[in-house]
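Everything below concerns the one structure shown next.
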Amino acid sequence: MLFNRFKTLIAVTCVLCAAAATSFAQPESALADRIERGDRKAALEMIARNAPVNSTQPDGTTPLHWAVYRVDEELVKGPQRWNPGDIGRFMLFFGPVSSVFDITTYLVMWFVFGANSAEHQTLFQSGWFIEGLMTQTLVVHMIRTQKIPFIQSRPGNALLVMTGLIMAAGIFIPMGPVAHYFKLQALPLSYFPILAVILASYMVLTQGMKRYYTRRFGWQ
């Protein structure tokens, strides 16, 4: 009996020593480093060995930060300079792009769908609501990276899921049973192919403006 207890004590001690050796052999930021590099297999193995998920990299970034967000590598190679003066210039260049497609939507609703009287104001508001919500959701992806979003730079899963949920809710509100609560109404199905063209054109023009802006002022 005493011998069996002694063997058990030795086994537990060996396990604890191995865990401690693993912990000391790897830097505190090892888990965050692997998730940042996208090494999913190694990260899962570390988590299975109870690696601390609250450990930090030298700049304070934790594994959880990298798990929910992906950022272009060049943006994290070194500190970024924060210049509030750039905000006004950025708005001056990119704000009118959004306005162009707002006005395009107004014209489509007015001339194509006949929403040009007080009796059809709910139809007009529905068309504007969906287009405005879609463009303002997509612009998050357009300006988060200098690259082509979704193709050259893929955002984190959390951001993708939230984008999908917001866009789905934006379509459901005017098209579903709650539309009258918001003074909206269902749109004809022919609206959505036109919407797709508007959104695609918005993304192309925004990407073009982004390239021009980057060549002239840089991007950070």
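The values are calculated or read from the model by the stated rules, or taken from the named source; none is laboratory data. This one's a predicted model, so the numbers in the text were calculated from it and none came from an experiment. Here the Cβ is made from the backbone with ideal geometry for all residues, glycine too, and neighbour counts use every protein chain on show.
State all residues of region 183-205 that are touching a Ser or Thr at 6+ places or on another chain (Cβ under 9 Å), surrounded by fewer than 15 Cβ atoms within 10 Å (Cβ to Cβ), at pLDDT 95 or above and of a type outside the set (S, T, N, Q); if no residue qualifies, say none.
Residue satisfying the conditions is A186 alone.
What's the number of the only condition in (1) in contact with a helix residue (DSSP H, G or I) (Cβ under 8 Å, 6 or more places away or on another chain); (2) without any contact (Cβ under 8 Å) to a residue 12 or more places away in the chain that G164 fails to meet?
All conditions pass for G164, except number (1).
Looking at (1) over 30 Å from H141 (Cβ atoms); (2) surrounded by 15 or more Cβ atoms within 10 Å (Cβ to Cβ); (3) at pLDDT 75 or above, which is the only condition Q26 fails?
(3)
Restricting to region 174-220, and then to whatever is small (G, A, S) and outside any helix (DSSP H, G or I), can you tell me which residue is farthest from L133 (Cα to Cα)? Walk me through how you get there before you give the answer.
First, pick out the residues of region 174-220 that are small (G, A, S): 176, 179, 186, 190, 196, 200-201, 208, 218.
In the following step, the residues that additionally are outside any helix (DSSP H, G or I) were identified as 176, 186, 190, 218.
Numbers: G176: 16, A186: 16, S190: 19, G218: 28 Å.
Among them, the one singled out is G218.
Note down all Cβ pairs under 7 Å where the first residue falls in region 106-129 and is farther than 11 Å from Q185 by Cβ, the second is β-branched (V, I, T), and they're at least six residues apart or on different chains.
V108/I194; W128/T105
Show the residue pairs that are 6+ apart or on different chains and have beta-carbon atoms under 7 Å apart, the first residue being within region 21-46 and in the same structural domain as T61 (by TED's automatic domain parsing) and closer than 24 Å to R154 by Cα, the second being of a type in the set (K, R) and modelled with pLDDT of 75 or more.
Within 7 Å, the pairs are A42/R34; A43/R34.
Name, by its number, the condition in (1) in contact (Cβ under 8 Å) with a residue 60 or more places away in the chain; (2) closer than 18 Å to S201 by Cβ; (3) not basic (K, R) that does not hold for A186.
Of everything listed in (1) in contact (Cβ under 8 Å) with a residue 60 or more places away in the chain; (2) closer than 18 Å to S201 by Cβ; (3) not basic (K, R), A186 misses just condition (2).
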